[in-house]
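Quick notes on the structure that follows.
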Amino acid sequence: MKNRIPILGLMLILGTCAVQGKVFQVLGTVEGQLNTVGLPWEFAYRTTMDVNGRQNDLHVYAARFNEPIVAQLTDQFEAQGAKVTISETTDGAQGLARWEDREARILVLSPSSQPNQMVFLFYPEPGKARAPARMPIPEYPGGMAKKTVTNEGTGSICSTMNTEDPPEQVLAYYAGALTADGWCAVLPSGAGSSRMAIYQKRERICTVLASHRPDGPNRVTLLVKGGSL
């Protein structure tokens with residue numbers, strides 16, 4: 001799945017949603033969604049959010065670290081007639097289950113330091129996507145946008161993009177641009193291959209994360225929370 005959801009932004013958006021969301025145990029299935037009957041997965045959190053202008057149902061599951069998540073996902077979705085493609089990564093897996101008229105995007109987080117795995121399933125609404133919401137802060141000059149995730153209920157919007165520029169150049173740009181626009185730095189950026197800074201403007205919080213990636217373009221993740229979109 002080339003347009004991977006930015007993990008930092010997604011987890012922070014969900015952290016805000018959890019205050020208002022409903023937590024439930026998944027007991028059955030809906031057409032085009034994962035059938036969890038018989039799976040030893042504990043609970044699921046459900047919410048909706050816009051991803052690149054298309055509303056998605058998002059279901060989040062927790063499973064023990066030794067569960068064969070990729071095989072379980074593949075078996076369950078193929079049983080519903082989907083064509084499934086999943087690629088394992090160093091920290092989990094990502095992939096797609098596709099039918100003729102719908103799809104499910106898959107993201108699995110399996111960090112070695114945690115006792116549980118997390119499964120994120122995105123079910124996009126059918127039809128043509130709307131234009132995604134615009135970030136209320138400048139996009140990085142020359143950055144190639146990859147994904148925008150919006151939750152209007154919490155006033156959160158997250159965008160990720162690629163750039164060839166080093167993290168320190170990205171952070172320096174946002175330090176100048178945001179300060180000039182009335183934002184105050186509450187957490188200046190530190191050193192390292194992944195550098196983050198946090199800014200505040202009235203009721204809004206802005207997080208800027210710039211990450212160096214040795215195997216491809218560097219990644220910029222922007223998250224703005226609070227206030228009206």
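The values are calculated or read from the model by the stated rules, or taken from the named source; none is laboratory data. In this text the structure is predicted, and so the values were computed from the model without any measurement. Here Cβ is always computed from backbone atoms with ideal geometry, including for glycine, and neighbour counts include all displayed protein chains.
Worth a mention:
- Residue ID - modelled with the highest pLDDT, chosen from residues in region 137-152 that are surrounded by fewer than 16 Cβ atoms within 10 Å (Cβ to Cβ) and within 19 Å of Gly226 (Cα to Cα): Pro138
- Taking the criterion of being within 20 Å of Asn52 (Cβ to Cβ), free of Cβ contacts under 8 Å to residues at least 40 places away in the same chain and surrounded by fewer than 19 Cβ atoms within 10 Å (Cβ to Cβ), the residues of region 87-108 that qualify are Arg98, Asp101, Glu103.
- Some residue of region 142-154 being in a loop (DSSP other than H, G, I, E, B) and free of Cβ contacts under 8 Å to residues at least 24 places away in the same chain: yes
- The single condition from (1) buried (at least 21 other Cβ atoms within 10 Å of the Cβ); (2) on the phi > 0 side of the Ramachandran plot that Gly155 fails is (1).
- Per-region count, region 116-129, residues assigned to a loop (DSSP other than H, G, I, E, B) and surrounded by 12 or more Cβ atoms within 10 Å (Cβ to Cβ): 2
- Residues that are outside any loop (DSSP other than H, G, I, E, B) and either crowded, with 19+ Cβ neighbours inside 10 Å or at positive phi (or both), drawn from region 75-85: Gln76, Phe77
- Conditions (1) among the hydroxyl-bearing types (Ser, Thr, Tyr); (2) farther than 30 Å from Met196 by Cβ; (3) at pLDDT 60 or above; number of the one not met by Tyr45: (2)
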